[in-house]
Amino acid sequence: MTFLRRQLPLLITFVTGILFAVQYYVPHPLSEQMLTSVSKWLQIIGGFALVLGVTSLFHIHAVKIRRRESGWGYSVVLYAAIVATMAAGFGYSPAAGQWINGKETIKGAMTAFGWVYAYMMVPLQGTMFAILAFFIASAAYRSFRARSREAAVLLIAAVIVMLGRVPLGEHLIPISGDITQWILNVLNASVRRAILIGISLGAVALSLKIIFGVERAYLGGGKE
Amino acid sequence: MKIALTLATLFLSCLFTAWAVQAEEAVTPPQQVRVLDTPNDSGGSLTVTWAKAAQEGPDLRYQILMADPAATEPNVLAEFASDTHYARDVKEPWWTRPASTDTHQFTIKSGKGIDLKDGTSYAVAVAAAAGGRRAAAAPVQATPEPNWFNWNQINNLAIVVIFGLIVLGSIQTAKRREIFLRRIPGLDAVDEAIGRATELGKPILYLTGAGDMSEPSTVAAAVILGRVAKRVAAYETDLMVPHRDPIVMAVCQEITKQSYLEAGKPDVFKEDSNFFITTDQFSYTAAVDGIMLRKKPAANFFMGSYFAESLLLTETGASTGAIQIAGTDSDHQLPFFVTTCDYTLIGEELYAASAYLSREPVQLGTLRGQDLGKACILVALGLGTAMATASILFHLDVSFLLDLVKDWK
């Protein structure tokens, strides 16, 4: 049992880790084919795992409804929405005279499933994305209050960059465009690259730890 | 087979010669023409090299020709000015360059009306043309083949191997003696956040980001979840981990369960502490925002990789008054996390978190290895900058050294 739970996953991790690290250096079509096959395996596993996810979702909301927890009405809405969308996706379209099969349009005409996507999903996603503008404003207000030296530097840099990025700013202060470019290309880019170097080394170190079995917590639990 | 190949070559030579006779004597054919299988590729490609002519310029043009058995004249695959297509223009390091930098180099690839099959021999020639005059060199046979190793990336492999040895060596060193670890306030605050949640009797919300299990940041987030869950179990505080990826959810369920077992509190573990919401970015964001507003968690953890949803999540969390700790390698989202969270683990600190929280010598050794790796990169950056500057100031060719640090990524 320990072999199945511990040694075998570690062995698979080691072999596949080394194999796909080497694959990066092999341009042969067989190597590309292997990568493509494994990517397809991952998609298939992902498909099966989605069943796990949906089961979890149904379970959580079923418990909420059964216990009449606060906001259980939303869980009912969720159930109704899932069932309705599935019916729209897998149902029969009398107008087109064929099964919808998850298509958004059939012969140029929008299906019920397409309608759900175009007139419900897209506007809702757009709404969430649009909220971002207000959140940026409120977050900026909070962080730009010059309460410390760092915040003051941030405020000054932000004002210059904002001025340099709009035509009015460049009209009022012509040099703001050049200063903005300097801030972005020199200060910002160098710090960003430093962070990226650290991230890359950290990712490689973590990968090595996983491949060589030093890091095992992802298997469920810490050291043996 | 050999006889057939020889006859074919003879026939093609005659064809090229007959075609070249049209040219007047004033244009000399290209010299030292070589055609070879393009090295370090996946096949379907040939590389042609030839010597630089004495007088090159826009008036003199080169043509790359390939014999076509179905036609009386060979196909003109490419035509360009004679002062272009030098070997130095090709982005290849010096150790794989098939010819010296001042010779001409052209790569024939499958596509755009040509299909080079691996294992099939092709006769290729180069012609010089000026005005209506042309002169072709004798055709050369070559066969495209796929290669088993990309020698262009040998420097990359060497760096990975050296870095790997440094990390493994550091792990061995860490087993023998204690390693100093600088304070990371964001990780020191983990206990504070859990303690606060316990005192207030409110749950803890932990997010593992938008990535799947193939991303190192998600693995790091899952590992940190294990450490956090162990402390949460000890305090018997509620833990909520909503997921975007079902595989990540399954892995995190196991990690959380094991953490509760290790903390000696298996009875407190709840199967539904890890739950799936949706794979859709903004639907997930809306759901988590709703959880934050309804359940009012006392501590929010944002670990892993994030995109546009980062500010929507953290700003909502900040509005509920929760203590917020973020850790991400998504550099484009870092400003939002720094602005809205109490503590932010920047980039590599996310990967260091597991070692920092566990304090296991083996884990700490990798941090030491990373620092040594950074020191090497700093030295390389300094030397590279100095050499690049010197090459411009004193007109030195240091490409043989600069190529060594090319394409490290």
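The values are calculated or read from the model by the stated rules, or taken from the named source; none is laboratory data. Here the structure is a predicted model, which is why all the values come from computation and not from measurement. Note that we place each Cβ from the backbone using ideal geometry, even for glycine, and neighbour counts take in every protein chain shown.
The requirement of being of a type in the set (Val, Ile, Thr), at negative phi and loosely packed, with under 14 Cβ neighbours inside 10 Å is satisfied by A:Thr127.
Within region B:84-121, being in contact with a strand residue (DSSP E or B) (Cβ under 8 Å, 6 or more places away or on another chain), assigned to a loop (DSSP other than H, G, I, E, B), in contact (Cβ under 8 Å) with a residue 24 or more places away in the chain and closer than 21 Å to B:Gln32 by Cβ holds for B:Pro98, B:Ala99, B:Asp102, B:Thr103, B:Ser121.
Candidates in region B:53-83 are the residues that are of a type in the set (S, T, N, Q) and part of a loop (DSSP other than H, G, I, E, B); of these, the one that is modelled with the lowest pLDDT is B:Thr72. Screening B:Val223 with (1) touching an Asp or Glu at 6+ places or on another chain (Cβ under 7 Å); (2) more than 12 Å from every other protein chain (Cβ to nearest Cβ); (3) crowded, with 21+ Cβ neighbours inside 10 Å gives one miss only, at (2).
Of all residues in region B:306-351, those being under 16 Å from B:Ala221 (Cβ atoms) and more than 21 Å from the chain's Cα centre (by Cα) number 13. Scanning region A:165-180 for residues that are closer than 25 Å to B:Ser330 by Cβ and over 30 Å from the mean Cα position of the chain (by Cα) yields a single hit, A:Thr180. Condition check for A:Ile18 on (1) surrounded by 15 or more Cβ atoms within 10 Å (Cβ to Cβ); (2) touching a helix residue (DSSP H, G or I) at 6+ places or on another chain (Cβ under 8 Å): one failure, at (1). Annotation: of all residues in region B:241-267 being among the aliphatic types (A, V, I, L, M) and buried (at least 20 other Cβ atoms within 10 Å of the Cβ), the one that is farthest from the other protein chains (Cβ to nearest Cβ) is B:Val241. Report yes if some residue within region B:131-141 is hydrophobic (A, V, I, L, M, F, W, C), at pLDDT below 95 and assigned to a helix (DSSP H, G or I); otherwise report no. The answer is no; no qualifying residue exists. A:Ile183 meets the conditions (1) farther than 18 Å from B:Gly226 by Cβ; (2) under 28 Å from the mean Cα position of the chain (by Cα) in every case but one. The failed one is (2). When residues in region A:39-94 are screened for being under 30 Å from A:Ile106 (Cβ atoms) and not in a helix (DSSP H, G or I), 4 of them pass.
Checking B:Glu315, B:Glu348, B:Glu360 one by one, the residue that is free of Cβ contacts under 8 Å to residues at least 12 places away in the same chain and out of contact with any strand residue (DSSP E or B) (no Cβ under 6 Å at 6 or more places or on another chain) is B:Glu360 and no other.
Restricting attention to region B:29-48 and to residues that are away from chain A (no Cβ under 14 Å) and in a strand (DSSP E or B), the residue that is farthest from B:Gly111 (Cα to Cα) turns out to be B:Arg34. Restricting attention to region B:200-217, the residues that are free of Cβ contacts under 8 Å to residues at least 12 places away in the same chain and farther than 29 Å from B:Gly365 by Cα total 1. Which of the residues spanning region B:67-116 are buried (at least 16 other Cβ atoms within 10 Å of the Cβ) and touching a helix residue (DSSP H, G or I) at 6+ places or on another chain (Cβ under 8 Å)? Selection gives B:Ala67, B:Pro74, B:Glu92, B:Pro93, B:Arg97, B:Pro98, B:Ala99, B:Thr103, B:His104, B:Gln105. Among the residues of region B:374-409, those that are within 19 Å of B:Leu157 (Cβ to Cβ) and either modelled with pLDDT of 90 or more or not acidic (Asp, Glu) (or both) comprise B:Cys376, B:Ile377, B:Ala380, B:Phe400, B:Leu401, B:Leu402, B:Leu404, B:Val405, B:Lys406, B:Trp408, B:Lys409.
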